Amino acid sequence: MLNRSFGFCPHKLTMGTVFAIVLVFVGCCSNVVSLELLVRKFPGCGNIVTFAQFLFIALEGFIFETNFGRKKPAIPIRNYVIMVTMFFTVSVINNYALNFNIAMPLHMIFRSGSLIANMILGIIILKKRYSVSKYLSIALVSAGIFICTIMSARQVNVANEGTEEQGFYAFMRWLIGIAMLTFALLMSANMGIFQETLYKQYGKHSKEALFYNHCLPLPGFLLLSTDIYNHCVLFSQSTPVDVPVVGLTVPIMWLYLLINVITQYVCIRGVFILTTECASLTVTLVVTLRKFLSLIFSIMYFQNPFTTWHWLGTAVVFLGTLLYTEVWSSVQAALRGPDVKEKKAE
């Protein structure tokens, strides 16, 4: 009954819903861990990680979604080209920003600010208007990200207490990283608006979009081929480890990359299944909670520097996110029960 009342899922909690939630938490959280293991050893490995993820998902989609290219797309290719250009740019910039003194916790918090970018571009492009609670939630998210960013900037200065020139250079690299994350955030929001207009015109084709978003950008990685090759060499020179069950010995960085690619696919599939099983509110809440758990695990396990101010900023970001999804209204509606609807019907 609770599931109906809260409006989170259209039906009772099914095995499909539970399975999707498990995929999201296991896949996405594991993906963050594997990414941090890669980045800690080679901070500039973002390009090879992005390429591996795109290649794997494109191959899976080519086989199972397009039936080896025999199935024609429902949405014209020219629209996918525009979408893919934005998607490729966002993915590369987000991963490459880790090479500019951006810590993983700040990276996760900053990307949680997508609500701000979505609202700003929604007002400018789609001429949307929002309720007071929406504006308040965006203010909270902005304040939380601002607090975390300022405190991270101080940590960059403290961590580079060498010569004044070294400290300035490290800080400037950090500012470039912040600028890259900001640009990627706005580009991602613009892509979301573009997708929204496409889906209204042609209908929702999430699996098809997933395939083309990962397949069409593959030639673009030729521009990054030198960096990808260099990291292939570095990965191959890493410490070899024995893979249980299989009985093979592989360099540990390749093992981390394989885990990252598989968990990225599991994460994306989980979110896709969840969107077909439940309302968007549920999806947002599950993804938000997943981000919060990933952040806590990253801080605890990898001992990333995280001050009281960071905790405050994080709490404000997630409070603003929950306020934006109007979870409180859903809870109140559930507590009021079905009688309210019956009175309205009368």
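Give the shape of the stretch 37-91 as rounded, prolate or oblate, defined through the alpha-carbon gyration tensor: a ≥ b ≥ c are the square roots of its eigenvalues, a/c under 1.5 means rounded, and otherwise the shape is prolate if a/b is larger than b/c and oblate if not.
It is oblate, given that a/c is not under 1.5 and a/b is not larger than b/c.
Which entries in Lys71/Lys204; Lys72/Lys204; Lys128/Lys200; Lys127/Lys207; Lys72/Lys200 show an alpha-carbon gap greater than 22 Å?
Result: Lys127/Lys207 exceed 22 Å.
Accessible surface for the stretch 16-330, divided over its residues, is 50 Å² per residue with a 1.4 Å probe. Using the Cβ-Cβ distance between Leu175 and Thr85 with R0 set to 25 Å, the FRET efficiency works out to roughly 0.45. Ligands, DNA and RNA left out, the accessible area of the stretch 177-324 computed with a 1.4 Å probe is 69% carbon and sulfur. In the stretch 16-330, a dipole from Cβ-located charges (positive for Lys and Arg, negative for Asp and Glu) runs towards its positive end, and of Asn31, Leu218, Asn101 it is Leu218 whose Cα lies farthest in that direction. Each Lys and Arg contributes +1 and each Asp and Glu -1, all at the Cβ; summed about the Cα centre of the stretch 16-330, the dipole is approximately 920 debye. Extension gain for the segment Tyr130 to Met15, taken as residue separation times 0.36 nm less the Cα-Cα distance, is 37.9 nm to one decimal.
The values are calculated or read from the model by the stated rules, or taken from the named source; none is laboratory data. On a predicted model such as this, the values are computed, not experimentally measured, just so you know. All Cβ positions, glycine included, derive from the backbone under ideal geometry; neighbour counts span all protein chains shown. Accessible surface is based on the protein model in full, side chains and every heavy atom, while ligands, DNA and RNA are left aside. Shrake-Rupley method; radii C 1.70, N 1.55, O 1.52, S 1.80 Å.
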